[in-house]
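Here is the structure we will look at, set down as structure tokens.
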Amino acid sequence: MASGWFYLSCLVLGSLGSMCILFTTYWMHYWRGGFAWDGSLHMFNWHPVLMVSGMVVLYGAASLVYRLPVSWVGPKLPWKLLHAALHLTAFILTVVGLVAVFQFHSHSKIAHLYSLHSWLGITTVVLFACQWFLGFVVFLLPWASLWLRSFLKPIHVFFGASILSLSITSVISGINEKLFFSLKNVTQPYSSLPSEAVFANSTGLLVVAFGLLVLYVLLASSWKRPEPGILTDRQPLLHDGE
């Protein structure tokens, strides 16, 4: 029964995640003029799409790999590789999203990293990079002892959930900042809730709903990988005999 609820939650998460990406893409295409890679405002439009896709949706999916019941039996190495690969893909999308916004700012002579949104975002990305590197070195390479892995695992899990929470906060503040900058027309200010504002606010709520459900699945004890297999199952990247 627990696995049934888990897979139902995965179905809901897949739907919410897809909607987050589609809504963000539609917002940037329909109201903000589409996409380009030329330093213009249209290049900036890649930033929200890639950050939502990478730092929220793909990151959330990667975080739930070890919650899949099929991952609880057999070798852990394939699931470790999938977990690391999904996070790496999310990080690559994030870096491309950062390149888009930095190049737009440079082209438009706009200062970098001055807003609270940018501070939150860059802090999240730096933590994400450190988290991935730590996970690769400690949990994939064969040098780390079982004691070190068991000691660092709860820290790794804590920062994984924290980074997702910071990602959601960054996205919400970014949506709000974008609307304040874009909806300055006196005939349709943000405060009058034009259709773009309603749509973008709804996109933000979808992001929050997706993130909260991911965190719930991560924290639900009945959906965690059983503990006994962790301390007896060492699956280093460079050894394949287990």
- prompt: Which value in deg cm²/dmol, rounded to the nearest 500, describes the helix-derived mean residue ellipticity at 222 nm for the chain, given -39,500 (n - 2.57) per DSSP H run of n ≥ 4 and division by the residue count?
  reply: -22500 deg cm²/dmol
Whichever lysines have a C-alpha closer than 22 Å to that of Lys224, once near sequence neighbours (fewer than 8 apart) are set aside: Lys76, Lys80, Lys153
- prompt: With contacts defined as alpha carbon pairs under 8 Å and 6 or more residues apart, what's the relative contact order of the chain in percent?
  reply: 30
statement: Taking a ≥ b ≥ c as the square roots of the eigenvalues of the Cα gyration tensor, with a/c under 1.5 meaning rounded and otherwise prolate when a/b exceeds b/c and oblate if not, region 1-102 is oblate
- request: May I ask for the angle, rounded to the nearest 10°, between helix 195-219 and the longest principal axis of the chain, with both axes built from Cα atoms and the value confined to 0 to 90°?
  value: 10
task: State the percentage of accessible surface on the chain attributable to carbon and sulfur atoms; use a 1.4 Å probe and exclude ligands, DNA and RNA.
output: 75
message: Given a 10 angstrom Cα cut-off, can you work out which residue in Val65, Val57, Val73 is the most mobile in a GNM of the chain?
response: Val73
query: Between rounded, prolate and oblate, where does the chain land on the alpha carbon gyration tensor, with a ≥ b ≥ c its root eigenvalues, rounded for a/c under 1.5, else prolate if a/b exceeds b/c?
result: prolate
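The values are calculated or read from the model by the stated rules, or taken from the named source; none is laboratory data. This one's a predicted model, so the numbers in the text were calculated from it and none came from an experiment. Only protein heavy atoms, including side chains, enter the accessible area calculation; ligands, DNA and RNA are left aside. Shrake-Rupley method; radii C 1.70, N 1.55, O 1.52, S 1.80 Å.
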